[in-house]
There are 2 protein chains.
Amino acid sequence: MHSTNDFLFQLFLIFVWAKFCGEVFERLRMPAVLGEILAGVLIGPFGAQLVAPSDAINDVAQIGAIFLLFTVGLETHPKDLLSVGRTSLYVALAGIIVPFACGFTYMMLREHAAAEATFVAAAMVATSVGITARVLSDMGMLQARASRIILGAAVFDDILGMILLGVVAGLATPGGARWAPVLVTSLEAVAFTLIMIFYAPRVVRRMEPGLERMSTPDAPLVIALAICLGLSYAAVKIGMAAIIGAFFAGLAFAEYSPRWNLRPRVLAINEFLAPFFFFSMGARLNTTVFDGHLLVSAVVISILALLSKLLGCGLPVLRFGWRTAAKVGMGMVPRGEVGLIVALVGLQLNIISPSPYALVIFMTGATTLVAPPLLKMLFRDDGANRRVTAEERSVAM
Amino acid sequence: MHSTNDFLFQLFLIFVWAKFCGEVFERLRMPAVLGEILAGVLIGPFGAQLVAPSDAINDVAQIGAIFLLFTVGLETHPKDLLSVGRTSLYVALAGIIVPFACGFTYMMLREHAAAEATFVAAAMVATSVGITARVLSDMGMLQARASRIILGAAVFDDILGMILLGVVAGLATPGGARWAPVLVTSLEAVAFTLIMIFYAPRVVRRMEPGLERMSTPDAPLVIALAICLGLSYAAVKIGMAAIIGAFFAGLAFAEYSPRWNLRPRVLAINEFLAPFFFFSMGARLNTTVFDGHLLVSAVVISILALLSKLLGCGLPVLRFGWRTAAKVGMGMVPRGEVGLIVALVGLQLNIISPSPYALVIFMTGATTLVAPPLLKMLFRDDGANRRVTAEERSVAM
């Protein structure tokens, strides 16, 4: 009976507190997600010590991460990705190589172990699709060319980032780098990715008549949830992160999402579970490790994270003019869940110590905090578009 | 990483298997919920032993039960409940006295000790409304008068069952019953119930303008979820079942559910989590303890459990006709967690021996398995109603 009490109490406390902090940040015109992470920092084991998330809460948090990426997938049509495919791919590739090189070099110069430097560098790679898309959507700018390139690149970036994580985690296993399994994992990941993008949506299309004959009420939602869980597990089995499987599940159902009314309902599940994910991310942030010395590193890493994405992602689209390049580069700056997960995996494998983990959290928070206002400034001058869209939105509401 | 794998695998396997069994039962025109429970019996620890739900799964199952009753509450207006209030109270009272008397008499006739007879009889008392609620909800029958009487009676039954458990446990402790704590707990439960039914909906009404000013997108859903979790915890703190708190939360938001589009979204969360609840109920059914002798007792106790609720709960509503009486009586038949907890307390206090404990488990399983199809048969003949509701549902989709 007692553990039941504890679990329910944690569920209640974490949900309410994370959402409250999110609301405060929203009112300060800052991303709610940062408020939810800070919620965990503030009352977690390294803050006021009011709550230490139990294993059960961490499991719920994990489902939260799955539904977060499932939601993002549902909003991303494979076709839109493919139409700006090549440009986006170059942006994503340069946006991975430059930050990785910068992060790795800096960490090596600071005399960290190569494995640790690799993990921190890998954590600097992945752009957060959610934060970028949210800012562009709030501005009514999702149709701009720069936005489509950003969205496509952010998606490739997530996928490539997860492949990178697979490689990095493979390198870090005891016994040193065994290249064969890394190669197999990479090939599996690429094959899985290609199948998911090109083939899975067709499978869903073919399933449609069968789905509508099923006796279970809400069969499409049930099947979508089952496939989301199945692909999450399959991704883990292959050696990728569960959330990438969930993202692919979302992609596969994106086309039928409006017809089956999937998005608002999956969003509701996400609304319930995601706060546990962000809270438990924050609750792991050991704030006691930030002395003056570490703070300098954190600021340097954050500036590197910003500049390296801005330059790396801007360069491949410089032919569209410097404004577009700046927009695309800045759009790729915010880091989020994936970087945190990379760092967490490193922490769980005892490859990175708490202080580099804190660097990554700081860097994630800093890029998340700094990018939206700068992005807003860059897009603001396309004022006419924005106003039309704002009117459209108010009419639509 | 391994436990992560296990958790994800269990999530996937249980969800898919439970939903598959539900679909099969749906096609056989039997309640899907029965399929989901049998799914747990079949591959659980006492069946094919393919999966033993981990603690994490059982925690998810618990949230599933909470969202199940939250959904039912959202569809139940407090006024509807009050209109059948007195009837529900009589149904609950008779539904406690008759099964208790039957169980006690039978156990005494079988020459068990009075204390043991008392515990088994007490375990036969508490209705678990989750299963009935699911059947009625799946049939679109939550608005029927019999359904409202059942839901109201379930609330009273929970309060009365809790008082009975307090008294019985008190009687069993050395030094006899301490009446003061039982009285305090009972008063708390009654006060909580009255506040929730009469006052909470008004609080929600007053919150409305504030909610619509909030910056968090989907503020009403977020607040509703927070209050659902809060009231579930409050109910447990008072000594009631968490699901009754969740039901009250649903009641409080029922009026604004259409306006804020709460129901389909909470239903989506429920759709995801409920299968874990029913599966883990089935997985707990220990089928191995029975030899021929014990099996006869178990069957007799189960038949008594069924008939005593059917008659006890049916009699007070016989004036509405025998069909309504049968519906209400059958709706109150399924026993669940509370009965198991009573038996477990008795076992831990060494008041009942393992075989009466097994009887209670068998009885819980039998009433859980038998009631849904009978309930469905009884409600099915309201064919006209049902067809209208089915049409409404398909239009609403």
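Any read-out appearing in this document is the output of simple, stated calculations on the displayed coordinates, not a laboratory observation. Quantities reported herein were computed from a predicted structural model and do not represent experimental measurements. So basically every Cβ, Gly included, is an ideal-geometry build from the backbone, and we count neighbours across all protein chains shown.
Details
- Label-to-label distance, nm, for residues given as A:Ile97 and A:Val203 (7 Å Cα→Cβ offset): 3.3 nm
- Shielding by partners for peptide B:48-60, expressed as the average number of C-beta atoms from other protein chains within 10 Å of each residue's C-beta, is 3.
- Shown for A:Ala113: label points 7 Å from Cα along the beta-carbon vector, and their distances to the equivalent points in the other copies, 6.0 nm in ascending order.
- Virtual spin-label span in nm between A:Phe290 and A:Ala191, 7 Å along Cα→Cβ: 4.6 nm
- Sites B:Ile303 and A:Asn350 - FRET efficiency at Förster radius 51 Å, r taken between beta-carbons, to 0.05: 0.30
- Computed FRET value (nearest 0.05) for B:Lys79 with B:Asp55, which takes r as the C-beta separation and R₀ as 35 Å: 0.30
- Leading residue at positive end of dipole, the protein assembly as shown (Cβ point charges), from B:Leu340, A:Val328, B:Phe46: A:Val328
- Overall form of chain B per C-alpha gyration tensor (a/c, 1.5; a/b vs b/c): rounded
- Distances in nm from A:Ala48 to the matching label points in the other copies, shortest first (labels 7 Å along Cα to Cβ): 5.0
- Taking trypsin sites (Lys or Arg not before Pro) across the range A:223-327, the ones in a DSSP loop with at most 14 further Cβ atoms lying within 10 angstrom of their Cβ are A:Arg259.
- Qualifying GluC sites (Glu not before Pro) for the range A:42-119 [loop in DSSP, other Cβ within 10 Å: at most 15]: A:Glu111
- In summary, the lysines within cross-link reach of B:Lys79, defined as a Cα separation below 22 angstrom excluding same-chain residues under 8 places away, comprise B:Lys327.
- Across the identical copies, the label point of B:Gly321 (7 Å from Cα in the Cβ direction) is separated from its matches by 7.5 nm, in order from shortest.
- Rounded to the nearest 20, the size of the Cβ-charge dipole of the range B:165-282 about its Cα centre is 180 debye, with Lys and Arg at +1 and Asp and Glu at -1.
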